[in-house]
Structures are given as C-alpha cells and as structure tokens.
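S.K.: One structure, pasted below without further comment.
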Amino acid sequence: MTRLAVPAVILGVLLTLIALYVEPRSDAEAILGPVAQDAGNIESANDRQLIVALVSEDRQKRIAAARGIADWLSAQDLVSKVREGPEAPSASFLDWVWERRFHLNPPSPDDLSVEALSDRLAQARKVLSRGSGMLVGDRLLRDPTGSFADLVDRLGQAPAGLKQQDGVWQSLDDTAAIVFATLANRPFETAETMRLATEIRTRAREFGVENYLLGPRIIAAEISTQTSRAARFAALAATGLLLVWLAWILRSAGRLVTTFLPLALGVATATLVVQLGFGSVHVVTLGFGGALTGLALDYPLHLLAHGREKRRQTERLVLLGAVTTAVGFLALFGSGVPALMQTGLFVATGLAVAAIASRLIVPSADSDLRSPPMERLVWRLPYKAWIEVFVVVGGIAVIASAPTGSVRTLFEPPGQVDRVIAKFAKMLPLPSGQHVLTIVGKDLAELLERQAALRPVLDAAVSQGMLGRYSMLGQFMAGGAAEVLSQLPPPEEYYRRVTIALRANGMVADFAAIQRENYRSALTAPGVTPEDLKAFPETRIAAAHLRQSQSGWRERIQLFGLREPAALSRAVTSVNIAGVEIFDIQNRIENALVELRKQVATWLGIGALAAFAVLAIGLGDWRRAWGIARTTAAATAVTGAVLTLGGGTVGVFQIVALTLVVGIGIDYGLFLSDPEQNQQERARYRSVALCAGSTLIAFSVMGLASVRLLQEIGLTVSLGVLVMVCFNLAQPKRRGTGGR
Amino acid sequence: MTSGTSPALCPAKAPIDVGQALDARPGPQGKPLNYREEIYHPAIADPVVTSGWFEVGKNGSLIRHQLKPVAEVTRIGENFIFQRRESEGGENSIFPIPSELAPLLSSLRSIVQQTSKKTLISYPHTLEANRSGWRLSVQTDGSGARKNVIVLEGCGDVLNSVELQILNRERRRIIFAPAS
C-alpha cells in the first residue's frame, strides 16, 4: 500500500492546487482567433442581452405576465436592467440633449429659412395643446430649427419598431408581450444563467402564458448544459463499464487503483502545466485533452500483462510509446491556436507523466489477468507491406477529395435554439447575426463623420427594401457637427428670420430675442465627448456596439430585417468610405475553420513524421519503425477515408482524435511487432487486447453521446482502434511464427 | 362660463387658513371632472385652449381625456406622462415629468382623487381674499429665475381653478367647468 500511498498524496496535492489556481476559459477567440470578435463574445454588453417573449391570445394576460416577470427580474442580482415598455429619457438627459442639440443634430441651412422656421413654429404651437406640451412645448417654441424636435422624435422611437399596449411592448405579429433585459456585467456562469432561465419559465407558466427566451448567454448556457450533461453521462457510463471490464480482467481492487492512478496523476499534472504555461485552461483542452489522455490507461495494463520477466523491456516500450505520441501532439504548438496548443501540451504532459508514474506505481509481478484470446484473430494478408502503402495512398486520395468548404461548426447549438430563433424572427426584427457591417475611425469624431457619410446609403437601402432598419451611434449623434455649425447664420441674422416667422404665424415678435439667445447658447455649447457616452443610460444604449481600442474606435452597425445582403454589400462598397467593411461572418468563420483544419492537419502531419523519427531512434531499428509507421498510417488512412465517405469531411477535432489513433497504432505496433516476443505471443496479444478493449469501451460510449462533438471523437477513435487492431493482427503470408 | 374668470361675486366665506383653502374641491360635478385649460406662452398672443375631463386610473394615475382641439388621452403617473393620440394611429409617447411641473400635476391628482393637497403647505405661500373669492399662491420651485408658482382660486369651499405659472415661460390655467 505504501507504493500507492505516496502517489495518492501527490494526487491530492495536485488536485488542491488545481482547485486553487486553475482558471477555466471558454472564449471562442482561443479557437477561432480574431474573427471570433465579430462572432460575438458572451462577456460583452451586447451579448448580455436577453429577450423574453410571453405568448398568449389574451393580451391582458400576457401584459400582466410581462409586468410580473419584469418586476421579478428587476430584483435579481444577475440582471442589471429590465424594460417591458417604452422608457422615457430622464429629465437630466433631456436637459443635456437640449444643451447639446446642435452638436447631436445640427440644423441644416435649409432648416433656418424663414419658411422652415415658420412651419416649425406653427407645429410647436399645436404641441402646446398636447399632454406632452407642458414638457417640451416651451423648448420647441424656443428652438424652431427642428434640431430638438427631431431628437425628441428619435428618442421616442420604439426599439425594433414594436408597438406597445398599456406601456408593454407587443410583438410584431401581436402574439406576445416582449420584455428586454440586460444581464449583469459579471463573468458568465452556466449554472446561474440556467437557473434564471428556469425561473422565468416557471413564472411564465404561473401566469398561464407560453414563453420563449433568446439571448447569447442563454444559448451558451443551454449548449454548455447539454454538452456537460452528455459528457457527464458519457463519462459516468464509460467509467462504469470500464470499471466492470477492468475489475473482470484485473481481478483485484489494488490493481484497479494501480491502473487508474497514473492516468489521474497525468491529467492533474497536465492541467497544472497548461495553467502555468498559458495562465488559464480552456474548456476545450480539459474536455478533449482529458479524453485523449485516456490512452494513458494502456500503460499500466501493458506492465501488468507482461509480467516480471519482460518488465524492463515493457517499461522501455511504454516510455517510447508515450514519448513518440507526445511528440506528435506537441506539434499542435505550430497551429498557433491557443486552445489546440493547450491540448497538445496537455496530452503530451499527461501521457509522459502517466508513463513514468506507471513505471513507478505498477508492481513488477507475474499476474493472471483475464483477457480475450486476440491471438486467435491473427489473419494472413499476403503482400501486406504493398497493400498498406496502397491503402495509405488511396485513403489520402479520398480525404483530399472531400470538399474543403463543407466545414462543420465546432459546437452545434441544441435543436430548440433554431426553433426559438425562428419564432422570434416573426415577433421582432432580430439583428443579422450573419452579415456584419463595421466602421472604424481613429477617434470618435472621425468615426461619426464616416457614419454621416454612410447614413444616406443605409437610408436608401431601407427605402429600397434591402434592409428593414439599422442602428448605429451616428443616428443619434451627428458627425462633422462643427463644420455644419460654422456654416449657420450668425445670431443676428437668425433673429431677423425668426422675427418674420413669428409675425407670419401671428405670434409675438418680441419672443425672437429669447429665441436668439437660445440659438447663441446652442451654437457655443460644448461638443459631445466620449465621456458623455457613458454619462447616461440612454447614451450607453446608443453606444452599446461601440468599442475603443488603442488603434481607434470601432462600431458594429446592427442590421435588422436584412433581405438583400448582396445588394447592400454592393451599395456600401460602391461609395468607398474609408473604414467601412461589410462581410458575411459565417463565411469568415467557415474560412477560419477551413484554415484551422489545414493548419492542424499540416502540423499534426509534421508531428507524426517527427514521432516516427523518434520511434526509429528509440527502437534503434529503422526497419521495424518503418513497419510500425506503415501499418499505423494505413489504419489511420482507412479511418480517415471512412469518416470522409460517411460524413463528407473530417473536422478539426476528428483530426486531433486521429492523432490519438496514431498514438494507439504506435502503442500496439511496438508490442505486436517485437520480434523478441515470438515466444510470448500470448502476453503481447493479451496486453494489446486489454488496451483495445478499454479504449473501445470508453470511446464507443462517447460515440453514442447526444452531442455531435463527443460523437465525432468517440466514433473516430473507436473506428480507429478497430481498424488498427485489424491491421496489426494481419500477418504477411511468408511469416509463420507471427513475427514481421 | 367665460374663460379665466371667477364668479363676479363670491357670497361664501373665504377659507380662514391655507389648510382650509387646500381642502377646497371643484363643485358638485361628480365623476368625471370636466375642465377647460388655457395655455399662455410669451410667444403667443392669445392662449391655446383645450377642454376635456379628468379621471383617476386603475393604478392611481391621473388620466386626462382631451376632447378639443384634438382628441387624445394622457396618463399622468408619478414620474412620467404617457400620451396617446388616435389620430396618429394610437401610438403612445412617453415623457418624463420635470421637477417644476411635479407639484402641479400632484395637486391635480389629489384634486381629482379628492385626497389631501397638504403637501403644498410646506412651500412658501400667500392667501388672499376679496369679494370675488380667494386666491392661494404657492411657490414650488425657487431655482434661479424660474420661480414656479401654483395658484389656486375658489369661492368658499369650491375650487374653481388651478394654475401653474413658470416665470418667463408658459402659464397653464385649468378651470373646472362643464365639458364644452
């Protein structure tokens, strides 16, 4: 037990360190790179938005539900803001708008003609009789340029063009009340987000209405929950079956612990090494790397199966197998993708530590392990070497012929997400998640000037039906205001004109003096600064998609109801405004995935070559190394070809899983190709049978998971193991002793 | 009733103090409470006139049903005014209530709801009486040049009108009268 006590204590220390220091990371940028920035980020303000639709034919019922749920949401720490109906701008914000109206919405010279001023005065007088007249009527009379009036109109516009009833937003198809919420600015956590969603749904049911939720964090939480649930189930099922299998073959609880302990040490050490090297551990690394490190379970099994006499040789082969596989995975560093670099380091470290730990922990003893009689499955394959070369070429040809554009997404959202989005698309115009229009400027002024130039293009697109509407800061704040203001008439000229306009309306001409002073104040008011954008909730909403970096300012313009993306793209690019870019984010992501796949395949190919070089040096027998390489390559090529023929293409994670298959091939090849083991056929076949059985149990359960990512990894490795065993059991015609 | 005038002679006794004046109510009109509003502004020579009736909404907000010049409904909450004009497709608009108008709207609400207007008693006030009736002036906001004054006029325990005066700006006088 002493042999196990020390490793167990070390494992305990490692797990404690993990709990204290490891920081999981889940951002898409670690996989996709900068293109992920436009794909969305669940930590950004925009992606903390949540929309709740409460559906009922009974309008009063859904309005009551909206109010009740909005009240409840307002009291939640996880929610920072809730809006179930139109919200008036605050009085202080209106005061700020009034003072800076000429900078926010400068009047044009046409607005200051006598005719225009006269019309505005007539309208302002009518406004006095409105209920709102006591609030804005006076200011509209003081400023008949239309500057303030237009701003008030814009501020009163409903989000997404929704109508409202009794102060509650109603969907476009009049089936639902809509509540908008912003989640608190704190790190995304799946469990608490799911709890919030569940509680909203429960309350909606209590009100007797149907409910739909939409928001990036909600979707992320549902994906994460579904993936975790599937992964947990797969892990539990696989672990349970593995325990049963290993208990049956090992016949001893002590050996069971001995078998798992090196793997646990390997995974724990790998986690800490990645944390040290990268400052965090990506969830992809933890999940994927952990699964791949399952190969480490083979090492103790080999040592136990071969017994005391062949102990040293078996240790050597185990270490050599671990090192060659580790070299293959370390090649992932060349991909430059943080999540994959981490995975490479994780697997390499895990396997190396597990191999060393196996050597130290597994006792040197003869053991009577149970195992399937794999030696009976040896079969004859004449001209095996030539056939393997042919299979490699053929397999590569099949894989290379796969259409490169058909790259699957990395993570598939649950099916109900698409249905919910389709439902929401009928209720309110959603911003396009596929087509992205961005605009940059070295400072805020330049950004707004460029938006001012872009605005007529977008307005024309709306009027021509290419686009439903759009949202950008430049609709609220005008660009180039200083230049426009410099062209306006001086206060005395303005005084002359408004005097005429007042008389034309039968109004008091002396009031022109007050209007002149207001005009002068507006002309000389300070401009809008970036700090102003943060000063009010209203400005923060207007600037929600604005980002400032060292290189300048960037805004992603929201496009709603985009019907003709190609036409809009042509219209935008034809005006050639500097800093404006429109692109299909889905294409970019697909291209990024295609590029990622190429990079990963290239570097893993380089890694495989390096691994085989290490193998040849380690074995000191290049012919034997070539034999192992050829058999492994043939089995891998068949696996890849079958995946391609079945699935259309091989994804990034499948490529990484195929690297594990290569590692497995090296492992099996080392033992089944050893010419010195002819006299102990049973031991070598027994150890490989035990390893293959363990791997198949673990990965075939994963292959049955409901999440596509787990299915792909599981099926790839399971198929690879079967094909690898098949090729390794094949013997050329001339050799009668079972050697190569 | 002619606009802007109290009864020629007021036979009733004037209130003895501000509290009694604040307890005055519009005449026995029951619900709803009809009104005529005169809006004066430095830019216009003749007042803009509106008319309609007030009621109290389900959640205690004051609802103004304007009949002339254009039909519209305005719901006056604690902090916001909600406006709906059928002639414009029934679209609602919403505006915040500035601080200088809050006392006037609060007074109107308490008049219609027949609750106490005693909150006004905390402001500087002047009570005058003559043969035409009494007049209570309450200064509700002393910010700079904008001295806002609420003026209540009545005869005995009958409140005839409420007026908000914003210095150098508009003046709104609400006269409780039969709907025109």
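S.K.: Rounded to the nearest 100 Å², what is the buried accessible area between B and A, both sides summed, probe 1.4 Å?
M.R.: The B and A chains share an interface burying roughly 2700 Å².
S.K.: Report the local net charge at residue A:287: Lys and Arg +1, Asp and Glu -1, summed over other residues whose C-beta lies under 14 Å from its C-beta.
M.R.: Summing Lys/Arg as +1 and Asp/Glu as -1 gives +3.
S.K.: Is the shape of the protein assembly as shown best called rounded, prolate or oblate, per the rule: a/c under 1.5 gives rounded, else a/b larger than b/c gives prolate, else oblate, with a ≥ b ≥ c the square roots of the Cα gyration tensor eigenvalues?
M.R.: Prolate.
S.K.: So which cysteines in the protein assembly as shown don't have a second cysteine's C-beta under 4.7 Å from them?
M.R.: Within the protein assembly as shown, the cysteines lacking a partner Cβ under 4.7 Å are A:691, A:726.
S.K.: What angle do you read, to the nearest 10 degrees and between 0 and 90, between the alpha-carbon axis of helix A:491-504 and the longest principal axis of chain A?
M.R.: So the inclination is approximately 70 degrees.
S.K.: Right, something else. First select every other residue whose beta carbon is under 14 angstrom from the beta carbon of residue A:357; then total the charges, Lys and Arg +1, Asp and Glu -1.
M.R.: 0
S.K.: Residues with beta-carbon under 10 Å from that of residue A:190, excluding residue A:190: net charge, scoring Lys, Arg +1 and Asp, Glu -1?
M.R.: Surrounding charge for residue A:190 is -1.
S.K.: Measure nothing but the geometry: give the 0 to 90° angle between the long axis through the Cα atoms of A:216-250 and the longest principal axis through the Cα atoms of chain A, rounded to 10°.
M.R.: Rounded to the nearest ten degrees, it is 10.
S.K.: Using every Cα-Cα pair within region A:596-635, state what percent have a distance larger than 11 Å.
M.R.: Value for region A:596-635 (Cα pairs over 11 Å): 63 percent.
S.K.: So, one more: Could you please state, rounded to a whole Å, how far the C-alpha centre of region A:551-584 is from the C-alpha centre of region A:118-190?
M.R.: Taking the Cα centre of each part, region A:551-584 and region A:118-190 sit 27 Å apart.
S.K.: Averaged per residue, what accessible surface does the protein assembly as shown expose to a 1.4 Å probe, in Å²?
M.R.: 43 Å²
S.K.: Further question: Can you classify region A:94-142 as rounded, prolate or oblate using the Cα gyration tensor, where a ≥ b ≥ c are the square roots of its eigenvalues, rounded means a/c under 1.5, and otherwise it's prolate if a/b beats b/c and oblate if not?
M.R.: Oblate.
S.K.: What number, rounded to the nearest 500 deg cm²/dmol, is the helix-based mean residue ellipticity at 222 nm of chain A, given -39500 (n - 2.57) per DSSP H run of at least four residues and division by all its residues?
M.R.: -20000 deg cm²/dmol
S.K.: Which whole-number percentage describes the relative contact order of chain A, with Cα contacts under 8 Å and a sequence gap of 6 or more?
M.R.: 20 percent
S.K.: May I ask for log10 I(q)/I(0) of region A:454-613 at q = 0.08, 0.14, 0.17 Å⁻¹, from a Debye sum over the Cα atoms as equal point scatterers with solvent left out?
M.R.: Values returned for q = 0.08, 0.14, 0.17 Å⁻¹ are -0.48, -0.98, -1.11.
The values are calculated or read from the model by the stated rules, or taken from the named source; none is laboratory data. Everything numeric here is computed off the predicted structure, so don't read it as measured data. Note: ideal-geometry Cβ built from the backbone for every residue, glycine included; neighbour counts use all protein chains shown. All accessible areas refer to the heavy atoms of the entire protein, side chains included, with ligands and DNA or RNA removed. Shrake-Rupley method; radii C 1.70, N 1.55, O 1.52, S 1.80 Å.
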